[in-house]
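*Asks:* One structure coming up, written as structure tokens, with questions to follow.
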Amino acid sequence: GLNIGLWIIRFNPKTNKGELYADEIMRDLLGVDKDTSPDECYSYWQKNIVSEYAQNIDNALDNMINSDKVIQVEYRWNHPQKGEMLVRASGRCTDKNEDVIVIEGFHRIISE
């Protein structure tokens with residue numbers, strides 16, 4: 001199949017805490033099981049971003065939050081079983097208020 005994973009990030013701007021909701025394909029792409037909570041999933045995803053790409057991700061998320069456009073970002077990510085891989089994510093902000101920012105998007109592996 002295409003192996004496109006769907007994700008939703010819910011971010012609390014007051015606490016700087018994020019939650020990552022992932023569909024089955026996305027969980028598989030990340031290598032997390034279905035019992036992983038959204039906040040665990042978010043920090044797990046973040047800590048496995050190859051460090052020199054972290055700023056790209058922050059910039060892309062900022063762009064998603066501050067524009068109504070779909071923003072795309074490519075980055076390298078450390079899969080727990082498969083090692084480092086190049087992934088592409090596209091997303092857009094679907095809700096934004098003082099309590100929550102919601103970003104929805106797609107994620108797929110470009111190369112393993």
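*Asks:* Would the range 23-44 turn up any residue that is surrounded by fewer than 17 Cβ atoms within 10 Å (Cβ to Cβ) and aromatic (Phe, Trp, Tyr)?
*Replies:* Yes: one or more hits.
*Asks:* Report whether or not Val73 is in contact (Cβ under 8 Å) with a residue 12 or more places away in the chain, more than 24 Å from Thr15 (Cα to Cα), β-branched (Val, Ile, Thr) and touching a helix residue (DSSP H, G or I) at 6+ places or on another chain (Cβ under 6 Å).
*Replies:* Considered against the rule, which asks whether it is in contact (Cβ under 8 Å) with a residue 12 or more places away in the chain, more than 24 Å from Thr15 (Cα to Cα), β-branched (Val, Ile, Thr) and touching a helix residue (DSSP H, G or I) at 6+ places or on another chain (Cβ under 6 Å), Val73 comes out as yes.
*Asks:* Can you list the strands (runs of 3 or more DSSP E) found entirely within the range 32-112 that contain at least 3 residues being β-branched (Val, Ile, Thr)?
*Replies:* Ranges flagged: 101-111.
*Asks:* May I pose another question? All but one of (1) in contact (Cβ under 8 Å) with a residue 60 or more places away in the chain; (2) closer than 17 Å to Gly105 by Cα; (3) open to solvent by less than 70 Å² (accessible area, probe 1.4 Å) hold for Pro13; state the number of the condition that does not hold.
*Replies:* Status for Pro13: all satisfied but (2).
*Asks:* Considering only residues that are open to solvent by less than 30 Å² (accessible area, probe 1.4 Å) and either basic (Lys, Arg) or in contact (Cβ under 8 Å) with a residue 60 or more places away in the chain (or both), look in the range 90-108 and name the one that is nearest to Asp28 (Cα to Cα).
*Replies:* The selected residue is His107.
The values are calculated or read from the model by the stated rules, or taken from the named source; none is laboratory data. As the structure is a computational prediction, the values presented were derived from the model and not from experiment. Heads up, the Cβs are rebuilt from the backbone with ideal geometry, glycines too, and the neighbour counts pull from every protein chain shown. With ligands, DNA and RNA removed, areas are computed over all heavy atoms of the protein, side chains included. Shrake-Rupley method; radii C 1.70, N 1.55, O 1.52, S 1.80 Å.
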